[in-house]
Amino acid sequence: MKEAEEVTAQGISQLGDLYTRNSHAVERLKEITKRLRGIPVVRPDLPTLCLVGAPNVGKSSLVRAISSGKPEVCNYPFTTRGISMGHFYVDTRKHQVTDTPGLLSRPDGTAPHSPSALTLPR
């Protein structure tokens, strides 16, 4: 029993030394992990609802109301600056919803609500 305690103490000491020597790498991995968690993940195998429309019409509020997504919601236009994802279930089937920034008129004169101006996911 005493031998096991000594080996355990030695192993813990070695792990501590290893961490101390490589703590900069561990901290960098933590930073990378935090940034990766902020990237939306789109699963092509799931049915997807993509909310597209003018600024300040409630797209983010709808995502918050119907899904696990937590986009920022404020009472001014252009709060959404990037894509935000959320998930919800219909019966037992998982779906995903995508919140997108508001659309504006395009320089070529195409209106944002024109079908030719939108690309819809399948």
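The values are calculated or read from the model by the stated rules, or taken from the named source; none is laboratory data. None of these values were measured; they are calculated from a predicted model. In this analysis, Cβ positions are derived from the backbone assuming ideal geometry, glycine residues included, and neighbour counts consider all displayed protein chains. Side chains included, ligands, DNA and RNA excluded: accessible areas come from the protein's heavy atoms. Shrake-Rupley method; radii C 1.70, N 1.55, O 1.52, S 1.80 Å.
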- Query: Residue check, Gln10 against (1) open to solvent by 100 Å² or more (accessible area, probe 1.4 Å); (2) at pLDDT below 90, all met but one. Which one?
  - Reply: (2)
- Would segment 22-39 turn up any residue that is β-branched (Val, Ile, Thr), touching a residue at least 40 places away in the same chain (Cβ under 8 Å) and either assigned to a helix (DSSP H, G or I) or closer than 21 Å to Gln96 by Cα (or both)? no
- Message: Just to be sure before I move on: is Gly109 open to solvent by less than 50 Å² (accessible area, probe 1.4 Å) and modelled with pLDDT under 80 in the structure I sent?
- Response: no
- Note on the structure: Counting only residues that are open to solvent by 40 Å² or more (accessible area, probe 1.4 Å), touching a strand residue (DSSP E or B) at 6+ places or on another chain (Cβ under 6 Å) and small (Gly, Ala, Ser), segment 50-68 contains a total of 1
- Message: Taking the criterion of being polar (S, T, N, Q), in a helix (DSSP H, G or I) and at pLDDT 80 or above, would at least one residue in segment 45-68 satisfy it?
- Response: yes
- Query: Does Thr8 satisfy the condition of being of a type in the set (Val, Ile, Thr) and within 16 Å of the chain's Cα centre (by Cα)?
  - Reply: no
- Query: Quick check, is Val41 hydrophobic (A, V, I, L, M, F, W, C) and exposed (fewer than 12 other Cβ atoms within 10 Å of the Cβ)?
  - Reply: yes
- Message: Is it the case, given these coordinates, that Val26 is open to solvent by less than 70 Å² (accessible area, probe 1.4 Å), at pLDDT below 90 and within 21 Å of the chain's Cα centre (by Cα)?
- Response: no
- Which listed residue is of a type outside the set (Gly, Ala, Ser), open to solvent by less than 30 Å² (accessible area, probe 1.4 Å) and either at pLDDT 75 or above or within 15 Å of Leu46 (Cβ to Cβ) (or both), from Pro121, Pro71, Pro101: Pro71
